[in-house]
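What follows is one structure encoded as C-alpha coordinates, with my remarks underneath.
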Amino acid sequence: MGLQAQLWRAIAAFRFASLGYAAILLVVESGDYRRLPFAWVVLAGMVAWTVASTYAYARPAGRTRGLLTADVAVTAAALLSTIWLQDSTHLTAPVMPFWVPATSPGTSPSPARSTPQR
(Lines give C-alpha, C1' and ligand atoms only; values in the text may rest on other atoms or scores of the structure.)
Protein backbone atom coordinates (compact mmCIF):
# COMPACT_ATOMS: atom_id res chain seq x y z
CA MET A 1 0.00 0.00 0.00
CA GLY A 2 1.42 3.37 -1.04
CA LEU A 3 1.73 6.47 1.08
CA GLN A 4 -1.21 8.20 -0.56
CA ALA A 5 -3.51 5.23 0.13
CA GLN A 6 -2.38 5.23 3.76
CA LEU A 7 -3.16 8.93 4.07
CA TRP A 8 -6.67 8.46 2.67
CA ARG A 9 -7.26 5.59 5.11
CA ALA A 10 -6.09 7.81 7.97
CA ILE A 11 -8.52 10.54 6.89
CA ALA A 12 -11.34 7.99 6.81
CA ALA A 13 -10.38 6.70 10.27
CA PHE A 14 -10.33 10.25 11.63
CA ARG A 15 -13.74 10.98 10.08
CA PHE A 16 -15.30 7.95 11.74
CA ALA A 17 -13.54 8.54 15.06
CA SER A 18 -14.63 12.18 15.21
CA LEU A 19 -18.14 11.17 14.18
CA GLY A 20 -18.22 8.67 17.04
CA TYR A 21 -17.00 11.36 19.43
CA ALA A 22 -19.74 13.71 18.23
CA ALA A 23 -22.33 10.96 18.84
CA ILE A 24 -21.01 10.31 22.35
CA LEU A 25 -21.11 14.03 23.17
CA LEU A 26 -24.64 14.25 21.83
CA VAL A 27 -25.73 11.48 24.21
CA VAL A 28 -23.79 12.78 27.21
CA GLU A 29 -24.72 16.44 26.70
CA SER A 30 -28.28 15.89 25.48
CA GLY A 31 -29.63 18.23 28.15
CA ASP A 32 -27.80 21.13 26.50
CA TYR A 33 -29.86 20.89 23.31
CA ARG A 34 -32.95 23.00 22.69
CA ARG A 35 -33.84 20.88 19.66
CA LEU A 36 -32.58 17.41 20.50
CA PRO A 37 -34.59 15.56 17.81
CA PHE A 38 -33.09 17.81 15.14
CA ALA A 39 -29.63 17.23 16.58
CA TRP A 40 -30.14 13.51 15.91
CA VAL A 41 -31.21 14.36 12.35
CA VAL A 42 -28.01 16.36 11.87
CA LEU A 43 -25.97 13.50 13.30
CA ALA A 44 -27.70 11.07 10.92
CA GLY A 45 -26.79 13.39 8.05
CA MET A 46 -23.21 13.43 9.29
CA VAL A 47 -23.18 9.63 9.31
CA ALA A 48 -24.58 9.46 5.78
CA TRP A 49 -22.13 12.06 4.49
CA THR A 50 -19.19 10.39 6.23
CA VAL A 51 -19.99 7.06 4.58
CA ALA A 52 -20.61 8.63 1.16
CA SER A 53 -17.58 10.91 1.18
CA THR A 54 -15.27 8.22 2.53
CA TYR A 55 -16.33 5.94 -0.30
CA ALA A 56 -15.92 8.73 -2.87
CA TYR A 57 -12.51 9.84 -1.59
CA ALA A 58 -11.29 6.22 -1.58
CA ARG A 59 -11.05 6.24 -5.36
CA PRO A 60 -8.66 8.72 -6.98
CA ALA A 61 -11.25 9.50 -9.67
CA GLY A 62 -13.71 10.49 -6.95
CA ARG A 63 -11.50 13.24 -5.52
CA THR A 64 -13.01 16.13 -7.44
CA ARG A 65 -13.56 19.81 -6.78
CA GLY A 66 -17.27 19.10 -6.70
CA LEU A 67 -16.85 16.56 -3.92
CA LEU A 68 -14.58 18.88 -1.98
CA THR A 69 -17.05 21.76 -2.37
CA ALA A 70 -19.91 19.55 -1.19
CA ASP A 71 -17.74 18.29 1.67
CA VAL A 72 -17.03 21.81 2.88
CA ALA A 73 -20.70 22.81 2.48
CA VAL A 74 -22.02 19.81 4.42
CA THR A 75 -19.53 20.24 7.25
CA ALA A 76 -20.19 23.99 7.42
CA ALA A 77 -23.92 23.29 7.65
CA ALA A 78 -23.33 20.80 10.47
CA LEU A 79 -21.14 23.32 12.28
CA LEU A 80 -23.62 26.17 11.85
CA SER A 81 -26.49 23.96 13.01
CA THR A 82 -24.93 23.97 16.47
CA ILE A 83 -26.04 27.57 16.99
CA TRP A 84 -29.64 26.60 16.27
CA LEU A 85 -29.59 23.25 18.07
CA GLN A 86 -27.80 23.96 21.32
CA ASP A 87 -28.76 26.18 24.21
CA SER A 88 -26.76 29.40 23.80
CA THR A 89 -25.40 29.12 27.34
CA HIS A 90 -23.79 25.75 26.54
CA LEU A 91 -21.90 26.50 23.33
CA THR A 92 -18.52 26.05 24.99
CA ALA A 93 -18.17 22.49 23.65
CA PRO A 94 -20.52 22.09 20.71
CA VAL A 95 -20.83 18.58 19.31
CA MET A 96 -20.79 19.14 15.58
CA PRO A 97 -17.42 21.01 15.35
CA PHE A 98 -15.48 17.91 16.35
CA TRP A 99 -16.35 16.44 12.97
CA VAL A 100 -15.28 19.51 10.93
CA PRO A 101 -11.47 18.98 10.90
CA ALA A 102 -11.98 15.85 8.80
CA THR A 103 -12.77 18.09 5.83
CA SER A 104 -9.53 20.02 5.48
CA PRO A 105 -7.20 17.01 5.19
CA GLY A 106 -9.37 15.75 2.37
CA THR A 107 -8.29 18.64 0.20
CA SER A 108 -4.88 17.23 -0.63
CA PRO A 109 -3.19 14.42 1.21
CA SER A 110 -0.77 14.02 -1.68
CA PRO A 111 2.24 16.33 -1.71
CA ALA A 112 2.30 15.99 -5.50
CA ARG A 113 -1.14 17.54 -5.94
CA SER A 114 -2.17 20.78 -4.25
CA THR A 115 -5.78 20.81 -5.49
CA PRO A 116 -8.38 18.15 -6.09
CA GLN A 117 -9.07 16.91 -9.59
CA ARG A 118 -11.79 18.60 -11.63
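The values are calculated or read from the model by the stated rules, or taken from the named source; none is laboratory data. Remember, predicted model here, so these are calculated numbers, not experimental data. Reconstructed Cβ throughout: ideal geometry from the backbone, glycine too, with neighbour counts over all protein chains shown.
The table below gives the values:
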{"item": "Set Tyr21, Tyr55: member being surrounded by fewer than 17 Cβ atoms within 10 Å (Cβ to Cβ), among the hydroxyl-bearing types (Ser, Thr, Tyr) and closer than 17 Å to Leu85 by Cβ", "result": "Tyr21"}
{"item": "Test: residue in the range 86-98 that is of a type outside the set (Val, Ile, Thr), under 18 Å from Ile11 (Cβ atoms) and modelled with pLDDT under 65", "result": "yes"}
{"item": "Test: residue in the range 35-48 that is of a type in the set (Lys, Arg) and either exposed (fewer than 13 other Cβ atoms within 10 Å of the Cβ) or in a helix (DSSP H, G or I) (or both)", "result": "no"}
{"item": "Failed item, numbered, when Ala102 is tested on (1) within 18 Å of Ala13 (Cα to Cα); (2) modelled with pLDDT of 85 or more; (3) among the small types (Gly, Ala, Ser)", "result": "(2)"}
{"item": "Among the candidates Arg9, Arg34, residue that is of a type in the set (Lys, Arg), under 17 Å from the mean Cα position of the chain (by Cα) and at pLDDT 80 or above", "result": "Arg9"}
